[in-house]
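Data block below; observations after.
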Amino acid sequence: MILLWLVALLVFLLDRWSKTVVLHSFVPGESRIVVPHVLWWTYVQNTHGAFGLFGNSPMILIVLALIVLGVFAYAFRDAVRHSNVVRIAFGMIVGGAIGNIVDRFQHQWVVDFIDFRTIWPNVFNVADACITIGVALLVLTSLRRERRA
């Protein structure tokens, strides 16, 4: 279980640090090329949930995030006890969710800045990336476990 919380803390701190850099170095809407034709840093104040869904009420989005974390914790409670991959994945999800929840409490919106505009239509942040990777790891681990059974 320590691994889960260490990963969550690492993701949370990396997310907070990256958002602090953006907040102090950019104005909203400003965009800078990082890798030509591939990657930009674009400061967006995102008031919506994932992919622009779920409205723009910070409290509703915070409650939804907490409910999803609870559902994941319940659904993967046994796997977390037996698998380091699941611990890492769930740590990534927890750290990312807490990072975005802190943004919603602090600003009423989430700081997004990673922009692959030629590949991906939405600007996102470290927390979002870690949540996505964590969920993908959980899905892959579950499929692998089912195939073995």
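The values are calculated or read from the model by the stated rules, or taken from the named source; none is laboratory data. The structure displayed is predicted, hence computed values, not measured ones. Positions of Cβ are generated from backbone atoms using ideal geometry, with glycine treated the same way; all protein chains shown enter the neighbour counts.
Apart from one condition, residue 41 fits all of (1) over 18 Å from residue 17 (Cβ atoms); (2) surrounded by fewer than 20 Cβ atoms within 10 Å (Cβ to Cβ); the exception is (1).
A single entry from 104, 16, 87 fulfils the requirement of being in contact (Cβ under 8 Å) with a residue 24 or more places away in the chain, within 30 Å of residue 144 (Cα to Cα) and basic (Lys, Arg): 87. In the range 44-79, the qualifying residues are those that are among the aromatic types (Phe, Trp, Tyr) and assigned to a loop (DSSP other than H, G, I, E, B), and the one that is modelled with the lowest pLDDT is 54. All conditions but one from (1) surrounded by fewer than 16 Cβ atoms within 10 Å (Cβ to Cβ); (2) under 16 Å from residue 22 (Cβ atoms); (3) touching a helix residue (DSSP H, G or I) at 6+ places or on another chain (Cβ under 6 Å) apply to residue 85; the one that does not is (2).
Please tell me if residue 132 is out of contact with any strand residue (DSSP E or B) (no Cβ under 7 Å at 6 or more places or on another chain), closer than 21 Å to residue 15 by Cβ and of a type in the set (Val, Ile, Thr). Yes, satisfied.
For (1) among the hydrophobic types (A, V, I, L, M, F, W, C); (2) at pLDDT 90 or above, each residue gets a yes or a no:
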| site | (1), (2) |
| --- | --- |
| 81 | no, no |
| 89 | yes, yes |
| 96 | no, yes |
| 100 | no, yes |
| 121 | no, yes |
| 126 | yes, yes |
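Cβ separations smaller than 9 Å between residues 6+ apart or across chains give the following pairs from the range 56-83 residues that are under 18 Å from residue 7 (Cα atoms) and free of Cβ contacts under 8 Å to residues at least 60 places away in the same chain to residues that are assigned to a helix (DSSP H, G or I) and among the polar types (S, T, N, Q): 83/141.
For the range 110-140, a residue qualifies if it is in contact with a helix residue (DSSP H, G or I) (Cβ under 7 Å, 6 or more places away or on another chain) and either free of Cβ contacts under 8 Å to residues at least 60 places away in the same chain or not in a strand (DSSP E or B) (or both), and the qualifying residues are 122, 125, 126, 127, 128, 130, 131, 133, 134, 135, 137, 138.
Any idea how many residues of the range 1-30 are surrounded by 15 or more Cβ atoms within 10 Å (Cβ to Cβ) and not in a helix (DSSP H, G or I)? Adding up the residues that qualify gives 1.
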